[in-house]
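Working notes for the structure below.
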Amino acid sequence: MDNTKVYDEDILFSELGELVSDEFRAWYIKCFYKLGREKTLELASQALVDGKNKKRLFSYLLKKEVSKK
């Protein structure tokens, strides 16, 4: 993994601050890396619109999508 990719994922992590927990940063970065920016933002948007517990829904959607790959 090159430094540019890591930097991009760190920016994405900070943009989604309300949906992610710093405690599980490594797991989220791994998911972002596997799914890519577009898919991650799509799932984040879905969680923001549909979720009562937005963090929990976002994590569930990420886990579900990563397990498909």
What are the chymotrypsin sites (Phe, Trp or Tyr not before Pro) within region 28-66 that DSSP puts in a loop, where the Cβ has at most 11 other Cβ atoms within 10 Å?
-> none
Considering Cα pairs under 8 angstrom that are at least six residues apart, work out the relative contact order of region 3-68 and quote it in whole percent.
-> 32
Here are some values of volume of the Cα convex hull per residue in Å³: [x] 79; [y] 112; [z] 157. Which one was computed from this structure?
-> [x]
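Rule-based calculations on the coordinates, nothing more; no lab input. Bear in mind the structure is a predicted one, so any value in this text is a computation, not a measurement. Glycine also receives a Cβ, built like all others from the backbone with ideal geometry; neighbour counts cover every protein chain displayed.
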